[in-house]
Each structure stands twice: as structure tokens, then as C-alpha cells.
Amino acid sequence: MAAPMSNVEEIRNRVILSEFRVSNVHTTDFPGNYAGYDDTWSQKKFEQNFRIDVIQMDETTLEFDMVGIDAAIANAFRRILLAEVPTMAVEKVFIYNNTSIVQDEILAHRLGLIPIKADPRLFEYRNAGDEEGTEIDTIQLQLKIKCTRNPRATKESSDPGELYLNHMVYSRDMKWVPLLRPGQELDIVMHCVKGIGKDHAKFSPVATASYRLLPEITLLQPVEGEKAERLKRCFSPGVIELENCGGKQVAKVVNSRMDTCSREVLRHDDLKNSVKLGRIRDHFIFSVESTGILAPDVLVSEAIKVLMSKCQRFLGELDSAEME
């Protein structure tokens, strides 16, 4: 027996959260799967349905909605942000003098993980096998600092900040090398090169890049009084609010976007039949946090360029296969 049209729409467009399972997790709207639906892909249809809405952005974080795409494309975009948008990072560390308490290997590792605020688009990749860098593919940095005693420190003082000069090493305001003591010295030259996170995590331009589906909460019947109070507590703050209707407190869905989909409400026998939990299948909420090397909106645009180049390369491979 064929499923009702409303059920088909739900299967195609919604992920349903029930008490013990999550339903409709797989994409099923491919050509020929549903009678009466034209699911063939067309660029015109894609352009009509696809959109990007920027929700919040500052210097290091960006939250935006990507609507009208399949999960495979959204995940490819996330993976590109993590591993294939290039940055500059310390690749080689030449330690001429290190009398601090930190071993050379640990120090070099820590230096390699410091984000280098240099636009990678201005540099080229270093060729494999090249020992010496050039101005177009290498940034050379130097760290040379020595800790000495402060002759003006009082005899009663026990504060290292007063007793010693240059006892802490900073990159801007971030402390990134352990403390030095009098007589300890660092003399280091670092070569920074262009690379991608797929080769090493130090090249990854983002601290986090993740997405989630937009939650959808539907009240199936009015929930009033004490039950409404409990219903409100079952969700994240700001999802459910109470409004006065005829002297009664009635629950109302205000902002389902803020929900974490904990399904806490399904633990209450008298509430679980009053609400329906789901997620919109093609509505992705992206969160991108930059390490500070590039602005998050620049990272997103660079990831799109990488994805486009991959598509062009794939189309080129198809054309060459057809010619053969």
C-alpha cells in the first residue's frame, strides 16, 4: 500500500527524532524513487532552492545557514575547511642555542603549532626536495631572547616579573614558550611554508568547523499550566516560552533553532505525545571558528574555490575518459 502524500513529504524532507530511534536519516529523493516526483537534478532548480544566510560574524567566528543542498556536499565543504584550505606554518626550526628547560623537539613542535598571521594567497607552495626557500614560498622568522636578572629588583621581592627581565616569551599577547630564568637563552630561526591540514594539523586554518541540521519542534496539542512549565524545562533556554491565553499559561515554540535535540521531553509519559521532534534535512547550520590567520568569511570563500576546482578537475577527467 502506498504511503499517504503527507508521509512521503516527511520522509523526503525531515529527519524524525523518536524515543528510541532516528528515522529518515538517508537521502531518498533521487530520480525514480517516488512516483509523481521529478527528482532529476537541474541547475535552474538548484539555483532556486539554494541559499546562504549569514547569521552571525565577528573577527574569528562565523555562523551561517546553507540551505538546499545534500548532506554529502555539506560534509565535503566541512572537510575542505578543515584540511584543504592552505595556510602558512612553521615547517623547519633551526635551534642554534636553547638553554631553557624545554627540549629542542618539544620547543620545535610548539613553535610549529603557532598560527602564523600571513596571507597564504600571497605565497606559492615550496617544491618537493627544495632545501632552500625563496621569498615567494618561505617566511623566515627569528626568535632570540635571553633572560637576565633585574638589578633594580628589591631584595624582598619573590615575583618573577620583578626579579627577572625577559623571563617570559610572547607572540603578541599570547604566552607560547615556557618561562626562562637568568642565564637561559633562546636563539632560533624558523622557516614558514605553505601547506594544508591534510598534510599536518598545524596547517589547518580553523579551530572548529561543524554543522548541524535545523531543528523543528511541532506541538501536536495545546499544553497548559504545570505541564507547560515542565515542557519548557525539557528544551534549551529560549526554545519554548509561555504566553497567557485566557488566564492560562500555554506553551509556544519560539525559536527551535536553539534546541540541542536532547529528546528530554520524550522521557515524560504525559508530554511525549504532545510534541513532534524533527530536523530539516537540507537546512545546515554551519559554525566556523578561525585560528586568526584569515577571517572566517575569507576561509569560507576559499573553501568554495577549492570545492569548485575539485568539480572542474572531475569534469575534466570525465571528458578525457569519454574521448578515450
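The values are calculated or read from the model by the stated rules, or taken from the named source; none is laboratory data. Bear in mind that the values here come from a model prediction, so they are computed numbers and not experimental data. FYI the Cβ positions are ideal-geometry reconstructions off the backbone, even for glycines, and counts take in every protein chain you see. Surface areas here come from the heavy atoms of the whole protein model, side chains and all, with no ligands, DNA or RNA. Shrake-Rupley method; radii C 1.70, N 1.55, O 1.52, S 1.80 Å.
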In the range 79-164, the GluC sites (Glu not before Pro) that fall in loop regions by DSSP, at most 10 other Cβ within 10 Å: Glu131, Glu132, Glu135, Glu156
Stretch gain in nm, segment Glu47-Asp187, where the contour uses 0.36 nm per residue and the Cα spacing is subtracted: 44.8 nm
Packing-wise, with mean Cβ within 10 Å as the measure, how do 38-46, 288-296 rank, highest first? 288-296, 38-46
Scan around Ala207 for amide H atoms under 5 Å from its own, H built in the peptide plane at 1.01 Å from N, and keep only partners 5 or more places away or cross-chain. Glu289, Ser290, Thr291
Can you bin the range 75-153 into rounded, prolate or oblate? Criterion: square roots of the alpha carbon gyration tensor eigenvalues sorted a ≥ b ≥ c, rounded for a/c under 1.5, prolate for a/b above b/c, oblate for the rest. prolate
With a Förster radius of 51 Å, plug the Cβ-Cβ distance of Ser18 and His109 into 1/(1 + (r/R0)^6) and report the FRET value to the nearest 0.05. 0.60
Choice from Pro237, Pro86, Pro215 showing the highest fluctuation, given a GNM over the chain with Cα pairs closer than 10 Å: Pro237
If one builds a Gaussian network model of the chain from Cα atoms under 10 Å apart, the most fluctuating residue listed among Cys234, Cys245, Cys261 is Cys245
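Between Ala207 and Arg313, what is 0.36 nm times their sequence separation minus the Cα-Cα distance? Round to one decimal in nm. Show your work: numbers first, answer last.
Working: separation 106, 0.36 × 106 = 38.16 nm, distance 2.85 nm.
That pair, Ala207 and Arg313, stretches by 35.3 nm at full extension.
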In the range 1-120, carbon and sulfur make up what percent of the accessible area (probe 1.4 Å)? 55 percent
In Å², rounded to a whole number, the accessible area per residue of the range 1-74 with probe 1.4 Å is 71 Å²
Say each of Leu163 and Asp270 gets a label point 7 Å from the Cα, pointing the same way as Cα to Cβ; how far apart are those two points in nm? 6.6 nm
Going by the alpha-carbon gyration tensor, a ≥ b ≥ c the square roots of its eigenvalues, is the range 79-218 rounded (a/c under 1.5) or, if a/c is not under 1.5, prolate (a/b greater than b/c) versus oblate? oblate
Kindly identify the range 1-133 as rounded, prolate or oblate by the Cα gyration tensor criterion: order the square roots of the eigenvalues as a ≥ b ≥ c, call it rounded if a/c is under 1.5, otherwise compare a/b with b/c, prolate if a/b is larger, else oblate. prolate
Scan around Glu91 for amide H atoms under 5 Å from its own, H built in the peptide plane at 1.01 Å from N, and keep only partners 5 or more places away or cross-chain. His191, Cys192, Val193
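For the chain, how big is Rg over Rh, using alpha carbon atoms and the Kirkwood form of Rh?
Over the Cα atoms of the chain, Rg/Rh equals 1.13.
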Per-residue HN-Hα couplings for the range 244-257 [Karplus 6.51, -1.76, 1.60; θ = phi - 60°; Hz; x = Gly/Pro]: 7, 10, x, x, 10, 7, 10, 6, 9, 6, 9, 8, 5, 4
Looking at the chain as a GNM with Cα springs under 10 Å, which of Pro120, Pro151, Pro182 has the largest mean-square fluctuation? Pro151
Within the range 1-94, what percent of beta bridges assigned by DSSP are antiparallel, to the nearest 5? 100 percent
Neighbours of Ile304 by Cβ distance under 12 Å: Lys/Arg at +1, Asp/Glu at -1, summed charge -1
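Taking the mean number of other Cβ atoms within 10 Å as a proxy for protection, how do you rank 21-31, 54-64 from highest to lowest?
Per-residue Cβ counts within 10 Å, averaged per peptide and sorted highest first, yield 54-64, 21-31.
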With a cut-off of 16 Å, note down the residues of the range 193-211 whose backbone N falls inside the zone around a label point 7 Å from the Cα of Val298 toward its beta carbon. 194-195, 204-207
Accessible area expressed per residue, the range 168-324, with surrounding protein chains retained (probe 1.4 Å, Å²): 53 Å²
For the range 300-324 and the range 178-228, compute the distance between their C-alpha centroids and round to whole Å. 29 Å
Treating the beta-carbon of each Lys and Arg as +1 and of each Asp and Glu as -1, no other charges, what is the dipole magnitude of the range 166-287 about its Cα centre, to the nearest 20 debye? 220 debye
